[in-house]
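K.L.:
Please read through the structure below; I'll follow up with questions.
The values are calculated or read from the model by the stated rules, or taken from the named source; none is laboratory data. What you see is a predicted model; the values in this text were computed from it and never measured. As a convention, Cβ positions derive from the backbone with ideal geometry for all residues, glycine included, and neighbour counts pool all protein chains shown.
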Amino acid sequence: MFVSPAFAQGAAAPGGGLLNSMLIPMILVFGIMWFFLIRPQQKKLKQDEAMRNALRRGDQVLTQGGLIGKVTKVKDDGEIEVEIATGVKARMTRAAVVQVMSKTEPAEG
């Protein structure tokens, strides 16, 4: 009728099972997050940086403020000059360019 103390204590549950059962899904979740979120974002940042470094005089660009203009001057310090209307020029950083609307062809020579 009574349970003996030796039988009541029984064997301890294995501790490694919990670690394995939680570690593998967490690694899988991180791998999926990296593949679908982090990696495409890094590729997009590299493409945007390459687009901004390839700006040339004559390119028509869209700025973060929504202005469309033509690049009239590109400086080495990261600054560009954009003509947004006839005779109206604005200085801005390359980071303000969101998209190149039309690209000019390089001069042959």
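K.L.:
Could we say that LYS46 is exposed (fewer than 11 other Cβ atoms within 10 Å of the Cβ) and of a type outside the set (Gly, Ala, Ser) here?
P.N.:
Criteria met by LYS46.
K.L.:
Going residue by residue through region 18-33, is there one that turns out to be surrounded by 10 or more Cβ atoms within 10 Å (Cβ to Cβ), under 15 Å from the mean Cα position of the chain (by Cα) and outside the structural domain of VAL98 (by TED's automatic domain parsing)?
P.N.:
Yes, some residue in region 18-33 is surrounded by 10 or more Cβ atoms within 10 Å (Cβ to Cβ), under 15 Å from the mean Cα position of the chain (by Cα) and outside the structural domain of VAL98 (by TED's automatic domain parsing).
K.L.:
For residues that are of a type in the set (A, V, I, L, M, F, W, C) and not in a strand (DSSP E or B), scanning just region 68-109, find the one that is surrounded by the fewest Cβ atoms within 10 Å (Cβ to Cβ).
P.N.:
Among those that are of a type in the set (A, V, I, L, M, F, W, C) and not in a strand (DSSP E or B), it is ALA107.
K.L.:
Look through region 56-67, keep the residues that are exposed (fewer than 13 other Cβ atoms within 10 Å of the Cβ) and without any contact (Cβ under 8 Å) to a residue 40 or more places away in the chain, and return whichever of them is farthest from ALA95 (Cα to Cα).
P.N.:
In this case the residue turns out to be GLY66.
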